[in-house]
1. If you line up the long axis of helix 58-74 against the longest principal axis of the chain, both from Cα atoms, how many degrees apart are they, to the nearest 10?
2. Work out how far the C-alpha atoms of the chain reach from end to end along every principal axis, then list the three figures in whole Å, largest first.
3. Enter the accessible area per residue of region 3-114 (Å², integer; probe 1.4 Å; all protein chains in place).
4. At 222 nm, what helix-only mean residue ellipticity would the chain give, in deg cm²/dmol to the nearest 500, using -39500 (n - 2.57) for each DSSP H run of four or more?
5. Need the full-extension length gain, residue 63 to residue 20, defined as separation in residues times 0.36 nm minus the C-alpha distance. One decimal, nm.
6. Which aspartates and glutamates, if any, have their Cα less than 19 Å from the Cα of residue 75, not counting same-chain residues under 8 positions apart?
7. How large is the charge dipole for the chain, taken about the Cα centre, if only the Cβ atoms of Lys, Arg (+1) and Asp, Glu (-1) carry charge, to the nearest 20 debye?
8. Longer than 19 Å from Cα to Cα, which of 17/67; 12/57; 17/57; 12/78; 57/78 are they? Say none if no pair is.
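The values are calculated or read from the model by the stated rules, or taken from the named source; none is laboratory data. Quick caveat, the model's predicted, so the values are computed rather than measured. No Cβ is skipped: glycine too gets one built from the backbone with ideal geometry, and neighbour counts run over all protein chains shown. Accessible surface areas use protein heavy atoms only, side chains included; no ligands, DNA or RNA. Shrake-Rupley method; radii C 1.70, N 1.55, O 1.52, S 1.80 Å.
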Amino acid sequence: MDECIFCKIANKEIPAKVVYEDDRILAFDDINPQAPVHVLLIPKEHYTSLNDIPEEKKDLLGHLLLKARHTAQEKGVKESGYRIVLNTARDSGQDVFHIHFHVLGGRRMTWPPG
Ligand code: 5GP
Ligand code: ZN
């Protein structure tokens, strides 16, 4: 995916503040944070959204989710609380079409989301 910004981040073609990395996934600070803690977690492999993840990749989703928790811990918000967001397709407000989990924390969240 030549034009995908998150593929470029995964390939280190454009910089990001990486907070966690392994062979399958990357976590980095959001460029426009919506909370004191705002980290994005992506698979290195390109998938457009949750709608694009095949059944046999379910442990990649589990891995992302557990590393989202790990990120919350590393950022000091695991006990105070955090929100994991997975925007999927147009009505969700998804802007970047490479699947990513948001981890938001460090302030009181409201409900319902906008
Ligand atoms: P979405 O609306 O697709 O769920 O969220 C996309 C997120 O990616 C936004 O929070 C936006 O600030 C973030 N973002 C977009 N481009 C970049 C970038 O080049 N670097 C980083 N670190 N975050 C980005
Ligand atoms: Zn991509």
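1. Taking the Cα atoms of the chain, the angle to 58-74 is about 40 degrees.
2. 37, 29, 27
3. Result: 61 Å² per residue.
4. -6000 deg cm²/dmol
5. 14.2 nm
6. List returned: 21, 22, 29, 30.
7. Dipole magnitude for the chain comes out near 540 debye.
8. Violating the 19 Å Cα-Cα cut-off are 12/57; 17/57; 12/78; 57/78.
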